[in-house]
Amino acid sequence: MDPQSTFDEELEAFAAGLRALRLERGKRSYRELAARAARSGTAIRLPVATQSDAFRGRRMLGFDTLMGLVRILYSYDTYGQEIAVPPHSAPELEQWRRDWRALAARQPATPRGPKATPAPDPGGREAPSAEALFTPVHRLPEHPDTTWSAAFSADGRLVATTCEDERVRLWNTATGKEWGEPLPGTFPVVFTPEGRILVVDAESRSAVRPYDVATLLRDGPGLTGGVPPIRAMVHEPDSGAVALLGFDGGVRLWDPAIGDHGVPFPPGPDGPCALTRTVDGHLLAAGPGGEVWDLLQGRPRVQAPLVPPLDGAGVMALSPDGRTVAFGRPDGSAGLLGTRPGGPVRPLRGHRDTVNALAFSPDSRLLASSSADGTLRLWDTRTGLPAAPPLTEHSGAVNGVAFSPDGRLLASASDDRTVVLYERVATAPASTLASRALTTALRARRPVQLPPLHVGGSAIRTAFSPFGHQVLATTTSEQSVVLWDPVSGQALGPPLTDPPTLPWALTFSPDGALLATASAGGTLCLRDPLLPMSFRTIGTGHTDKVERIAFSPDGQLMATAGRDATVRLWDPATGHPFGAPLTEHTNEVVGLAFSPDGVHLASSDANGQVILWSGHRRTPVRRFEGVGPGAAWSVAFSPDGTRLAAALADGSVRLWDPLTGQPLGGSATSHTGPAYDVAFSPDGDLLASAGKDGAVLLRDPATGARLGHPLTGHTGAVNGLAFSPDGSLLATAGRDGTLRRWIVGAG
């Protein structure tokens with residue numbers, strides 16, 4: 001070592017030696033090195049963030065960590081092929097030991113005394129994970145000037161960057177090499193699935209020029225936005241519509257069928273300042289107070305202000321599922337909130353300077369924020385906590401950020417004239433003692449209870465949405481519906497009380513687009529779970545209260561069961577009845593379920609009758625014998641349709657072959673009071689029942705026999721239960737006013 005050099009200079013020289021060794025051994029990626037260490041059979045752990053620090057000379061690693069990294073690098077030969085990890089005593093390691101000791105001797109002394117503790121987070125939050133979610137893979141060659149933004153093609157193979165020199169450049173994301181010649185134009189930039197790129201004209205800033213990506217030639221007439229200058233642009237591939245948002249808050253919608261037209265939303269500081277295309281094909285705009293408009297339908301979706309207005313300063317983003325608004329301000333503050341009035345703001349704390357850009361991942365689970373403080377930060381949108389350490393690849397303000405359509409890549413643009421491409425890190429399965437204990441418990445079929453959720457009054461029925469962003473719905477004895485995030489347990493807005501809800505009827509449509517309940521006024525209420533404040537009603541024709549609702553598997557039919565002893569079928573799209581009522585029951589109908597193939601419908605009543613119907617012919621196929629006196633409170637088909645289960649007033653659960661009517665197994669009398677609900681897990685491996693005795697029982701789905709101990713925790717009757725679509729959670733609704741979640745599988 002040069003005695004005249006500083007510690008920082010020597011640290012950089014040491015890092016250069018590590019980089020040379022990595023290059024010599026095949027230039028394995030950080031992710032590959034971490035995976036090699038994990039499967040090497042040694043105790044070596046190489047988090048991506050640690051490797052990044054070492055190879056870039058950001059800090060001096062501890063001796064054991066450094067030697068672990070060097071040993072893993074030497075576990076590749078000079079052709080990059082894997083060989084045995086060298087032992088601690090290997091001669092090739094000796095020089096690295098000497099260099100580390102010499103570097104340690106040059107390290108500046110730290111103050112003596114008690115170990116410094118990090119300053120607590122102002123919000124009392126946990127420190128971010130030490131593991132990185134994304135690792136840099138390419139730094140695109142330096143641009144002539146400041147870079148402003150990045151945008152990915154639909155297949156993620158190309159990324160477009162914009163620059164102060166008013167040129168748009170395309171790059172191959174696999175190689176980091178430029179694609180063709182620059183195009184004249186500026187941000188925003190949008191790729192279309194059919195192979196075009198839409199670029200804003202740099203001179204007028206109010207027109208959009210389309211180019212063919214393959215040839216980089218103009219492809220058709222331009223679009224005149226009429227909202228100078230253009231702030232954001234979104235393309236809707238199904239209709240071909242392009243929404244343009246101006247910095248003045250004005251919105252224009254270019255539709256191939258009718259051309260360019262305005263959107264009747266207020267321009268100026270109260271107008272929209274963020275656009276998104278949702279996963280279900282809607283074009284949405286968000287305003288500075290959190291208001292949300294549907295551009296294609298030309299109507300507000302959320303009208304009440306949700307956050308303090310941005311007053312034209314700051315940035316906003318709207319998640320692809322339409323559920324979350326993110327905002328950032330010049331003072332570095334930022335936050336998340338749901339697109340429902342009354343929801344809490346989740347602050348995002350960490351940036352020290354202006355928040356310049358925000359972007360949601362395609363699954364809406366991550367938010368990326370870029371700042372003038374030179375950092376790019378990732379946030380968990382469910383909790384508002386940091387999802388990973390900050391990304392600090394840039395030496396200047398970070399102006400723009402974008403995710404690829406599959407969420408695998410991330411791009412950031414900066415004042416330092418570069419654009420950095422990051423790749424999602426493939427994380428290894430957790431191996432902590434806690435995770436191993438959880439896995440062991442689940443394999444032994446010992447469910448693990450999560451903290452209870454509290455509702456107003458008794459919780460009566462519960463249901464999971466089938467697809468997309470998961471929602472857990474619960475009806476209450478207070479004639480309301482509460483929607484929850486099943487993972488965090490946070491309520492997704494205030495209880496839904498308009499119209500008043502009858503508590504025993506609750507279900508989602510098979511595609512998750514509708515949440516169906518019965519109102520006290522004698523109608524069915526159909527809501528969009530993403531926008532539950534809006535609803536439409538269908539008159540039922542029942543002469544008494546509706547007790548159950550069920551959708552056919554294809555969503556084309558909806559069945560209702562009532563206290564008037566009838567079952568009725570409906571077209572959920574039109575609200576028109578499908579044939580005459582089914583009138584074979586002699587008492588109120590309290591159980592209802594379609595078979596998985598949609599051919600049959602099972603219903604049960606307060607007299608204990610269980611009837612199988614032909615769904616489309618509306619005729620009874622058979623009655624099931626041996627039910628006994630009292631109500632059959634619930635019926636359910638197994639996922640393969642080979643078993644029909646019923647929860648009975650004598651505390652038993654009975655199983656039949658629905659095609660033959662033959663009983664399967666014995667009478668599993670396990671509850672000490674009536675059994676109120678029964679459900680099969682989605683994979684058919686479990687059958688669960690709940691009863692008046694407050695117990696939840698897991699059963700063998702072939703025989704109905706109990707498996708393990710009862711799930712206890714409720715202090716009163718358990719009225720309803722439901723499995724999550726992946727079968728990993730079981731939700732139970734209790735008369736004690738709690739909704740409980742049980743981990744019953746790995747998912």
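Within region 397-415, which residues are closer than 22 Å to residue 58 by Cα and free of Cβ contacts under 8 Å to residues at least 60 places away in the same chain?
397, 398 - these are the residues of region 397-415 that are closer than 22 Å to residue 58 by Cα and free of Cβ contacts under 8 Å to residues at least 60 places away in the same chain.
Please go through region 520-554 and give me each residue that is aliphatic (A, V, I, L, M), in contact with a strand residue (DSSP E or B) (Cβ under 8 Å, 6 or more places away or on another chain) and either crowded, with 22+ Cβ neighbours inside 10 Å or at pLDDT 85 or above (or both), ordered by number.
Those that are aliphatic (A, V, I, L, M), in contact with a strand residue (DSSP E or B) (Cβ under 8 Å, 6 or more places away or on another chain) and either crowded, with 22+ Cβ neighbours inside 10 Å or at pLDDT 85 or above (or both): 524, 526, 538, 546, 549, 550.
Against the condition part of a strand (DSSP E or B), touching a strand residue (DSSP E or B) at 6+ places or on another chain (Cβ under 6 Å) and crowded, with 20+ Cβ neighbours inside 10 Å, how does residue 507 come out, does it pass?
Taking the combined requirement at face value, the residue satisfies it.
Looking at 604, 614, can you tell me which residue is hydroxyl-bearing (Ser, Thr, Tyr) and either surrounded by 18 or more Cβ atoms within 10 Å (Cβ to Cβ) or on the phi > 0 side of the Ramachandran plot (or both)?
Of the residues listed, the single one that is hydroxyl-bearing (Ser, Thr, Tyr) and either surrounded by 18 or more Cβ atoms within 10 Å (Cβ to Cβ) or on the phi > 0 side of the Ramachandran plot (or both) is 604.
Yes or no, residue by residue, for (1) of a type outside the set (Asp, Glu); (2) touching a helix residue (DSSP H, G or I) at 6+ places or on another chain (Cβ under 6 Å); (3) modelled with pLDDT under 90; (4) over 20 Å from residue 189 (Cα atoms):
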{"position": "334", "(1), (2), (3), (4)": "yes, no, yes, yes"}
{"position": "338", "(1), (2), (3), (4)": "yes, no, yes, yes"}
{"position": "341", "(1), (2), (3), (4)": "yes, no, yes, yes"}
{"position": "346", "(1), (2), (3), (4)": "yes, no, yes, yes"}
{"position": "351", "(1), (2), (3), (4)": "yes, no, no, yes"}
{"position": "359", "(1), (2), (3), (4)": "yes, no, no, no"}
{"position": "364", "(1), (2), (3), (4)": "yes, no, yes, yes"}
{"position": "376", "(1), (2), (3), (4)": "yes, no, no, yes"}
{"position": "401", "(1), (2), (3), (4)": "yes, no, no, no"}
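It is to be established whether one or more residues within region 208-226 are modelled with pLDDT of 80 or more, under 27 Å from residue 355 (Cα atoms) and not acidic (Asp, Glu).
Yes, region 208-226 has at least one match.
Identify, from the list 708, 727, the residue that is surrounded by fewer than 23 Cβ atoms within 10 Å (Cβ to Cβ), of a type in the set (Gly, Ala, Ser) and more than 24 Å from residue 592 (Cα to Cα).
Within the list 708, 727, the selection yields 708.
Looking at (1) assigned to a loop (DSSP other than H, G, I, E, B); (2) in contact with a Ser or Thr (Cβ under 7 Å, 6 or more places away or on another chain), which is the one condition that is false for residue 362?
That leaves (2) as the condition not met.
State yes or no: is residue 337 surrounded by 23 or more Cβ atoms within 10 Å (Cβ to Cβ), of a type outside the set (S, T, N, Q) and touching a residue at least 40 places away in the same chain (Cβ under 8 Å)?
So residue 337 fails the test.
Any residue that is among the small types (Gly, Ala, Ser), assigned to a loop (DSSP other than H, G, I, E, B) and under 26 Å from residue 141 (Cβ atoms) - is there at least one of those in region 405-417?
Scanning region 405-417, I find at least one residue that is among the small types (Gly, Ala, Ser), assigned to a loop (DSSP other than H, G, I, E, B) and under 26 Å from residue 141 (Cβ atoms), so the answer is yes.
Do we have residue 654 as more than 21 Å from residue 546 (Cβ to Cβ) and either buried (at least 17 other Cβ atoms within 10 Å of the Cβ) or of a type outside the set (Ser, Thr, Tyr) (or both) here?
The answer is yes for residue 654.
Being closer than 28 Å to residue 142 by Cβ and not in a loop (DSSP other than H, G, I, E, B) is the filter here; which residues of region 368-396 pass it?
368, 369, 370, 371, 376, 377, 378, 391
Which of the numbered conditions does residue 575 fail, given that it passes all the others? Conditions: (1) at pLDDT 90 or above; (2) in a loop (DSSP other than H, G, I, E, B); (3) farther than 19 Å from residue 647 by Cβ; (4) not basic (Lys, Arg).
(1)
May I ask you to list the residues in region 25-40 that are closer than 11 Å to residue 74 by Cα and among the basic types (Lys, Arg)?
Of everything in region 25-40, just one residue is closer than 11 Å to residue 74 by Cα and among the basic types (Lys, Arg), namely 25.
Taking residue 721, is it touching a residue at least 12 places away in the same chain (Cβ under 8 Å), over 21 Å from residue 547 (Cβ atoms) and not in a loop (DSSP other than H, G, I, E, B)?
Taking the combined requirement at face value, the residue does not satisfy it.
When residue 460 is evaluated against the numbered criteria (1) over 29 Å from residue 364 (Cα atoms); (2) in a loop (DSSP other than H, G, I, E, B); (3) in contact (Cβ under 8 Å) with a residue 60 or more places away in the chain, which criterion, by number, is the only one it fails?
Failing condition for residue 460: (2).
Suppose we filter region 578-613 for residues that are β-branched (Val, Ile, Thr) and under 15 Å from residue 644 (Cα atoms); how many remain?
Number of matching residues: 3.
List pairs: first in region 229-243 and at pLDDT below 75, second of a type in the set (Gly, Ala, Ser) and in a loop (DSSP other than H, G, I, E, B), Cβ under 7 Å, 6+ apart or cross-chain?
So the pair list comes out as 238/281.
The values are calculated or read from the model by the stated rules, or taken from the named source; none is laboratory data. Everything numeric here is computed off the predicted structure, so don't read it as measured data. We place every Cβ from the backbone using ideal geometry, glycine too, and count neighbours over all the protein chains shown.
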